[in-house]
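Take a look at the structure below.
The values are calculated or read from the model by the stated rules, or taken from the named source; none is laboratory data. The model shown is predicted, which means the values in this text are computed figures rather than measured ones. A quick note on method: Cβ atoms are made from the backbone with ideal geometry, for glycine too, and the neighbour counts reach across all protein chains shown.
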C-alpha cells in the first residue's frame, strides 16, 4: 500500500510540475482565434537580433496570443517587423531590417510567400488589387509590388528616402521623413512623381480625414532644432490650408492616427492627445495620461474607437499593450513581445466588438 501511495504521489508531483502553455498550439489555423475580429501587434524585437514577433488580441475571447507567426510557421518572423496591411484574403508584413515582406493568409498567418532583397522597407499601401507601394528608409526609390505575383515589379525614383504613405483616389502621398521636410505626390496610374509639398521638419505620420484633408505630423527632428508642426493639406490643390506649430521646441509628437469616422485626430505627446479636425488650436490637455510608463505606439480601432497604446518598457524585456475605449476609460492591459510597435486592425463594420 505504501508503494502505491508513493507511485500516486510521484505521478501527481510530475503532473503539477508539467508546464502548461499559456497559448495552446494551433492545430487548425483556419478555424483558430485569428479567424475573428482582432488586432495584430507587431513586436519589433531587438535590432539585429532577429527576434521580432506578432501578438494577436482577439475580441472574441478578450485574450492576447503571443508569437503567433512562429507558432503557425515554425520559424522566426525576422528582424524588426515595422508595418502590416490587410487586403482581401491576405496580409502583408513589412520586416524592415530583414529587407523582406511576408505574405500571409489573414485568418491564419500561414506564410504564402516571402518577397526578399528589399532595402530597408518601412510602410506599405495597397493601390488596387494588383499593385502596392512600399516606402524605404535607406533607399531613394519607392518599391512597386505586383500583388498578383507577389513580387517586385518596379521602382519609382524619389531621390530621397520615404516613410509614411497614404492614398487618396489616384494619388499617393509619401513623406520624406529622415532629415526631410517634404511630402511627395505620386500619380498611381503612371507611377510617377507629379508634385512635392514643403512641410515642417521630418514628417513622420499622415492620415486623410473625412473631408479629404491630408494631415501631416512633423516631429521637428530628433535633435530638436525645429518646432514640431501639424499641417493640413488640400489633397486636390496640394495647398496647405491649416498649420499648427507646437509651443515648445522640446515637444516631439508622433503616431498621428484617425478614428473610423474620420473626424478626430489622435497623436502621442506626453500621453495621448485628441483633436477634432475643425479645432482652431492644438489640444492643451492630455486625453489619456501616461501613468508610470512611456507610450511608444498608438492605434485606433476604426469600428468601435478603442484606443491601443503600447509600452516598450526598457526595450529589452516583453512590453505591454493598454486598451481604452473611445471615452478614454481603461479597459484591459496585456503583456506582449519585445518592443510592441505598430498595429493592424482586422475588424469588420457591424461586428459585435463592444
Requested in this report: Please list, ordered by first then second residue, the pairs with beta carbon atoms under 7 Å, 6 or more apart or interchain, first in the range 248-262 and at positive phi and touching a residue at least 12 places away in the same chain (Cβ under 8 Å), second buried (at least 20 other Cβ atoms within 10 Å of the Cβ) and part of a strand (DSSP E or B).
Outcome: 255/205; 255/267; 255/268; 255/297; 255/298
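So, in the range 190-199, of the ones that are closer than 17 Å to residue 166 by Cβ and not in a strand (DSSP E or B), which residue ends up farthest from the chain's Cα centre (by Cα)? It would help to see each step written out before you state the result.
Of all residues in the range 190-199, those closer than 17 Å to residue 166 by Cβ come to 191, 193-197, 199.
Filter once more, keeping what is not in a strand (DSSP E or B): 191, 199.
On the way: 191: 25, 199: 23 Å.
It comes out as 191.
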Report task. Could you look through the range 325-344, keep only residues that are touching a residue at least 40 places away in the same chain (Cβ under 8 Å) and surrounded by fewer than 19 Cβ atoms within 10 Å (Cβ to Cβ), and pick out the one that is farthest from residue 266 (Cα to Cα)? Result -> 335
Report summary line: Those residues of the range 35-78 that are buried (at least 21 other Cβ atoms within 10 Å of the Cβ) and not in a strand (DSSP E or B) come to a total of 6
Report summary line: Turns out the strands (runs of 3 or more DSSP E) fully within the range 314-354 with at least 1 residues that are in contact with a helix residue (DSSP H, G or I) (Cβ under 9 Å, 6 or more places away or on another chain) are 340-346
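Tell me which residues, restricted to the range 34-45, are within 13 Å of residue 82 (Cα to Cα) and either free of Cβ contacts under 8 Å to residues at least 12 places away in the same chain or over 17 Å from the mean Cα position of the chain (by Cα) (or both).
First, pick out the residues of the range 34-45 that are within 13 Å of residue 82 (Cα to Cα): 40-45.
Those that are within 13 Å of residue 82 (Cα to Cα) and either free of Cβ contacts under 8 Å to residues at least 12 places away in the same chain or over 17 Å from the mean Cα position of the chain (by Cα) (or both): none in the range 34-45.
Yes/no per residue for (1) assigned to a loop (DSSP other than H, G, I, E, B); (2) under 19 Å from the mean Cα position of the chain (by Cα):
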position	(1), (2)
112	no, no
125	no, yes
138	yes, no
159	yes, no
167	no, yes
Query raised in the report: Does any residue in the range 106-119 that is under 14 Å from residue 54 (Cα atoms) come within less than 7 Å, Cβ to Cβ, of a residue that is surrounded by fewer than 19 Cβ atoms within 10 Å (Cβ to Cβ) and modelled with pLDDT of 95 or more six or more places away or on a different chain, and which pairs are these?
Result: 106/86; 106/89; 106/90; 110/73; 111/73
Query raised in the report: Limited to the range 207-233, what total is found for residues that are in contact with a strand residue (DSSP E or B) (Cβ under 6 Å, 6 or more places away or on another chain) and either in contact (Cβ under 8 Å) with a residue 60 or more places away in the chain or in a strand (DSSP E or B) (or both)?
Result: 13
